[in-house]
Amino acid sequence: TLKGKTAVVTGSNSGIGLGVARELAKAGADVVLNSFTDTAEDHKLAADMSAEFGVTVRYIKADMSKPDECRALIEQAESCDILVNNAGIQFVKGIDEFPTEKWDAIIAINLSSAFHTTAAALPKMRAAGWGRIVNIASAHGLTASPFKSAYVAAKHGVVGLTKVTALETAQEPITCNAICPGYVLTPLVEAQIPDTMEKYNMSREDVIKNVMLERQPSKEFATVEELGGTAVFLCSDAAKQITGTTISVDGGWTAL
Ligand code: NAD
């Protein structure tokens, strides 16, 4: 049980971040939810999660594209025993046409934010005498696809940062690992299905199996609950000696 631990999950008002936050709350952790917005729904999400799992849940607005806000998120959280670096965006275009501002935004949100939050969280973990850092990388942290230069570079960078963080904390009760999801059925992915069905004149099933899951041998999406379960495992005592590595949750993608 993670009772008494506080987990900060970046980019957690939807998708994988929200799923991971829910599983950590279910395991007893207090949770800090985050995104760059500050709406009534964001705060309701926190209140509902708190009521559902009987833990303290707060929502803190911070834009992960801004170094100062990354660090301020951790300061405002007060405790940060578990840090899940999840915030991320995608943009798809050939390198010669890739807009510089998209490159910069993806590197900032998907990679640099994890450096800044980790830098701010390590002193708190050291003071508490325990810490777990879980970076949400991607199958694209281990392999590549065309037209995703910034995303693939950022996710490979996250895997590198994970290894360095693990080495710098190797003799302390702190671990750092990366989870590498394949295709996960998040609202973002779900929303692409109707358009793709129309574009290729395919059934929902064919779009999922032959377009989206072309590289995922299981031909099934991973779920946000499975990713949350993997994060909870990395926070468990059984995972004490697991550090500086990647866990793929990708239906066999990286075995191909
Ligand atoms: P999503 O769009 O549902 O979630 C992204 C989250 O990041 C949202 O909560 C969003 O509000 C937040 N976010 C975006 N920009 C931000 C910013 N500037 N500051 C703070 N928060 C910000 O997408 P998702 O699929 O849940 O992706 C979550 C993570 O998982 C990303 O790092 C993504 O690269 C990774 N991932 C997703 C998949 C997949 O198939 N869905 C596969 C591999 C890896």
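The values are calculated or read from the model by the stated rules, or taken from the named source; none is laboratory data. For clarity, every value in this text was computed on a predicted model and none was experimentally measured. All Cβ positions, even for glycine, are placed from backbone atoms using ideal geometry, and neighbour counts span all protein chains on display.
The condition of being aliphatic (A, V, I, L, M), buried (at least 23 other Cβ atoms within 10 Å of the Cβ), more than 15 Å from the ligand (Cβ to nearest atom) and assigned by TED's automatic domain parsing to the domain that holds residue 174 holds for only one of 121, 62, that being 121. Go through (1) within 14 Å of the ligand (Cβ to nearest atom); (2) over 15 Å from the mean Cα position of the chain (by Cα); (3) surrounded by fewer than 20 Cβ atoms within 10 Å (Cβ to Cβ) one by one and return the number of the condition residue 156 breaks. In the conditions (1) within 14 Å of the ligand (Cβ to nearest atom); (2) over 15 Å from the mean Cα position of the chain (by Cα); (3) surrounded by fewer than 20 Cβ atoms within 10 Å (Cβ to Cβ), residue 156 misses (2) alone. Residues of the stretch 45-59 include none that is over 27 Å from residue 173 (Cα atoms) and among the β-branched types (Val, Ile, Thr).
Note on the stretch 1-110: no enclosed helices (runs of 4 or more DSSP H) hold 3 or more residues that are modelled with pLDDT under 95 and closer than 27 Å to residue 222 by Cβ.
One line per residue, one yes/no per condition, for (1) assigned by TED's automatic domain parsing to the domain that holds residue 170; (2) over 24 Å from residue 14 (Cα atoms); (3) in contact with a strand residue (DSSP E or B) (Cβ under 8 Å, 6 or more places away or on another chain):
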site	(1), (2), (3)
198	no, yes, no
214	no, yes, no
232	yes, no, no
246	yes, no, yes
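Among all residues of the stretch 76-89, there is at least one that is surrounded by fewer than 23 Cβ atoms within 10 Å (Cβ to Cβ), under 20 Å from residue 224 (Cα atoms) and either hydrophobic (A, V, I, L, M, F, W, C) or within 12 Å of the ligand (Cβ to nearest atom) (or both). Only a single criterion out of (1) touching a residue at least 12 places away in the same chain (Cβ under 8 Å); (2) away from the ligand (no atom under 16 Å from the Cβ) is not satisfied by residue 200, namely (1).
For the stretch 201-211, state whether one or more residues are in a loop (DSSP other than H, G, I, E, B) and either in the same structural domain as residue 96 (by TED's automatic domain parsing) or within 26 Å of residue 82 (Cβ to Cβ) (or both). Within the stretch 201-211 (the criterion being in a loop (DSSP other than H, G, I, E, B) and either in the same structural domain as residue 96 (by TED's automatic domain parsing) or within 26 Å of residue 82 (Cβ to Cβ) (or both)), the answer is no, since none of the residues qualifies.
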